[in-house]
Structure formats: C-alpha cells, structure tokens
C-alpha cells in the first residue's frame, strides 16, 4: 500500500507541478559567412559535392526555410539583431564598431527568466562582455583559426582573462568546449539554451590541415553569373558606373577586376598548394587567373565548411549518447550569406540573394515534421521571438521581430505574417567597396535602392535603383527597373518600401544627411539620373587619385 501511495503521489506531483526539465533544450548553431547555397540541402550548384551531410540531416529530420534573410549582411549587425530581436537602426549596431552590453542581451536574459541555463561558446563579435549568459567562452573579436584564444569570465574581468588552445583549430576547439560544458559543467536539472558559434568559414578560410587534400582533384562548378562582362543587363550605374566606368571600383573581385582587393592577389601566397607549382601570374591570361582563383576560393571555403560539418557530427552524436537529441530544438544558420563568385563578387554586404539570404534549418521531432520546407519570409530579427516562443517564455514588446513557431509546426503561414523583408547596408564603400543601399524583398521581387553615401552624406557614388524578378530570374542577371512592363510593379514596391521603412522605424533621424540623399533621389527622374552621371565621373576621379597615392 505504501509503495502504491508513493507512485500515485509522484504521478500527481508530475502532472500538477511539472519540472522545468519538461521544456526542450535549445541548441542554436551559427557559422560565420556560411551561405545557404553552400549547404547540400538547399540544392545549389555545390550540392553534388555533398559538402554538408550532417547539416543536411537537419533538413531531412526537420524544416528548411527557403526565404530566411538578414536585415544587414555583415557580422556584428546580424548578431546584434539575433540577440536583441531588433533592426540595426533600433539596437544601434549599424556596422562592425557596434556592440551590445549585458543589459541589452535580451535573448539570454529572457531565456534565464524562463528557467533555462544559458551558454555562449565560440564567435561573439559584439565588443561587450556576453555578461547575460551563465557561461561563456568566446573568441576575442574576429579570433584566430589556429591556436585560438578565448575570453572567459574570471578574476581579472573582461576582457583580460584568456584560455589558449595550442595546436588546435578553432572549429575543433569550439566543439570541444561545448562538449565539455554539456557533459561536465552545466546544471543537469535545467534545460539549456546554448549558442554554439563557429568562426569558420570566414575569410581567409584557414582550414585544419587534415582537409588539405579535400576537393584537391575536383573541379568546383562555377556560377553561371561569374563573368560580369557576360551580364549586359545586370546592375545599374550604381554598381557599374556610367558606361561601366566604375566596374574596377565597385565590389571586390575574384579575378583582377578590382585593383584594390581581389582573391587573384590575396589567395596565392596564402594557399600556394591550390595554384600551379612556381605560379607566376605573368604566365596566364586574366581569364585563366580568375578561374584558378575561383577554384582556390571555393576549395578553401568548403574545407572550412567540411570542418564544421564533421564537428557537428561529433556534437550530434554526443547529444544522442546523452539521451537529449530528440528533446533538443536544434537550429543551424549563418550570420548572413556570402558571395561565392556570383557577379565576380567576394564577401557579403550586398542585398543580392547569395549575400542577403541565410540558411535556416530547425529540427524538433516533437512538433516539426521531418523533411518539411517553407517559402515563408523570415528575418533574423524573428529568431529571438521564435526561440523564446518554443521555450514558453514571454516575448518582450520591444522586440521588433515575430515568432514563426506556428510556421515550424504547421508548415502554414498565419494570415497576418509578414509579406516582405527589409534590408539596409550602412558601411558605404568600406572594406569591400559596397555602396550604401536599402531595399525590399518579397517572394516575387526584390527592389534595391543604392543611395550611395556614408553616414554624413559624403564620399558619394552614383545613386540608382535595381529591380529583379525572383521567380523568373533568381540569379539576378536582369535589372528590370527601367522596363516599361514593370513600371507599375516598381511604383507599388516603392510605396511598400516607404511603408516598410516607417513600420520598422528606419525614419532617418539617426543620420539625417544620408536621409536627405535618399529623399533627393527617391523619384529618380531625369534630373536625378543626370546628377548620377556627374557623381559617377567624380567618384572615378576620387578612386583613381586614391590608387595613385597608394602606389607612391
């Protein structure tokens, strides 16, 4: 009788007072610059190389989002949007100089309120101490690929306390730290919220030595839009200049197009094994150099991706061994996309699809159908509200994103769900020669406005608009802005873009001089176009003077 009574009491206690352990664990995995089309499950040109069998497992056993977008394709702003659930103009992280202090690290703060133990491991890149997390071990700034050092909470205080992993590669070290935390250091009586962030495959793609021969004898497929000169209808005066006079100066390149920065110059000394023995550029044509540089770029990039995928196999196996795999919501994403040679561009920052689009895969067999896909538009500001919703936590009103948990669980979009994504890149002509721009992305179209100035309205590049039909021209090869057949679509999208800017709060109050430029060229009439030509000529003179000064 006593035994039966005890069993009944235990069952009653469990039913009426469920423990916090009933909540799922949440593992949020984010790599740096891992673009969607470098993941096999997305079915791009690289899928045949089978670069990501472990990550692809998440798509087979969970849901893949086809239209996940970042609001600003650069590391720190994207990470700030994930942590705060806010757009860059709201959280104040417009560029790489921005940071989020502990009091505004809203995602871990709200997770802790919901009973979760929180941890941040790997690349942080938000300047301030990740103080809102219960545990952290993070790379200082960009961090090192080899022999990495990590900042930890300690007696000396942020940012002086460091632990070093001599002889290790960062992807391996980050996974080792996570495995140790999961098995030895966390509180087993609480569900965990773990942000597991890789540095890879950020350039310059310093992969572990064990991958030196991976893809060595493989010809990596080229994108059909690799050759800018073969795309007569791509771009605008904003990205090409008047009569294409700015082609060498807008967007860093794979080949020798951009004299300031190109992989044709940067990669050979770093990865000599991926170029012919005794390589001398004088022995090859520009086209041959570009082809070799592209191959070296993609192989070194994919070797970093391979390192991530293999380490995730270790992590997933440990979760299965612990009995936590099916009780853990697993998310895989990147902090933004990345240009892998499309339009002869490297890096990210662009609103073009390969850069703006993020991978987003989520697995949780309890409520997400295996092998499901959705074309619902989601933005990185939506990640925090969604994860909080899965955790049964409150979603603060100051978060601008919304939860797409219902989409994950049903595969259907609520009638009120967003129909467009907003984008703005602020770092005008910094690092990779990308003009300042903003725009709107719907399921069918993308409208980009290159306003072409810095925060104070200076260092002007020619303004222009670009329109792409994302259903019929997903590679964005033909700019339809001046096509009469699309005039009404342009008109409608401009109205929607203006309304969207108001809705998300990008009203120009933060940088009024840049806003004045946006307003000046919004209509883009004949007078505006004539002035754009003048600005193109002026910028060419400025850039040529800069290059001449650099030579001296």
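A short reminder: the numbers here are calculations on the coordinates, not readings from a lab. Quick caveat: nothing in here was measured; it's all calculated off a predicted structure. Note that each Cβ is placed from the backbone with ideal geometry, even for glycine, and that neighbours are counted across all protein chains shown.
Each residue in region 267-297 was checked for being surrounded by 14 or more Cβ atoms within 10 Å (Cβ to Cβ) and in contact with a helix residue (DSSP H, G or I) (Cβ under 9 Å, 6 or more places away or on another chain), and 17 of them qualify. As a summary of the residue check, residue 207 satisfies the conditions (1) closer than 20 Å to residue 340 by Cβ; (2) not in a loop (DSSP other than H, G, I, E, B) except for the one numbered (2). Applying the selection to region 252-266, what residues are assigned to a helix (DSSP H, G or I), touching a residue at least 60 places away in the same chain (Cβ under 8 Å) and surrounded by fewer than 20 Cβ atoms within 10 Å (Cβ to Cβ)? Answer for region 252-266, where residues must be assigned to a helix (DSSP H, G or I), touching a residue at least 60 places away in the same chain (Cβ under 8 Å) and surrounded by fewer than 20 Cβ atoms within 10 Å (Cβ to Cβ): just 266.
Quick check on this structure: which one of 353, 369 is within 21 Å of residue 30 (Cβ to Cβ), surrounded by fewer than 24 Cβ atoms within 10 Å (Cβ to Cβ) and out of contact with any helix residue (DSSP H, G or I) (no Cβ under 7 Å at 6 or more places or on another chain)? Break it down stepwise before answering.
Numbers: 369 fails: within 21 Å of residue 30 (Cβ to Cβ).
That would be 353, the only listed residue that is within 21 Å of residue 30 (Cβ to Cβ), surrounded by fewer than 24 Cβ atoms within 10 Å (Cβ to Cβ) and out of contact with any helix residue (DSSP H, G or I) (no Cβ under 7 Å at 6 or more places or on another chain).
With respect to (1) farther than 30 Å from residue 466 by Cβ; (2) surrounded by 20 or more Cβ atoms within 10 Å (Cβ to Cβ), the lone exception for residue 327 is condition (2).
Go through region 275-311 and count every residue that is over 27 Å from the mean Cα position of the chain (by Cα) and outside any loop (DSSP other than H, G, I, E, B). Break it down stepwise before answering.
Here is the first cut: in region 275-311, the residues over 27 Å from the mean Cα position of the chain (by Cα) are 275-289.
Now drop any that are not outside any loop (DSSP other than H, G, I, E, B), which leaves 281-283, 286-289.
Result for region 275-311: 7.
For region 312-339, which positions are part of a helix (DSSP H, G or I) and within 30 Å of residue 263 (Cα to Cα)? Result: 312, single match.
The criterion of at least 1 residues that are under 28 Å from the mean Cα position of the chain (by Cα) is met, among helices (runs of 4 or more DSSP H) falling completely within region 471-552, by 487-504, 512-520.
Exactly one residue out of 397, 406 is out of contact with any strand residue (DSSP E or B) (no Cβ under 7 Å at 6 or more places or on another chain), in a helix (DSSP H, G or I) and free of Cβ contacts under 8 Å to residues at least 12 places away in the same chain: that is 406.
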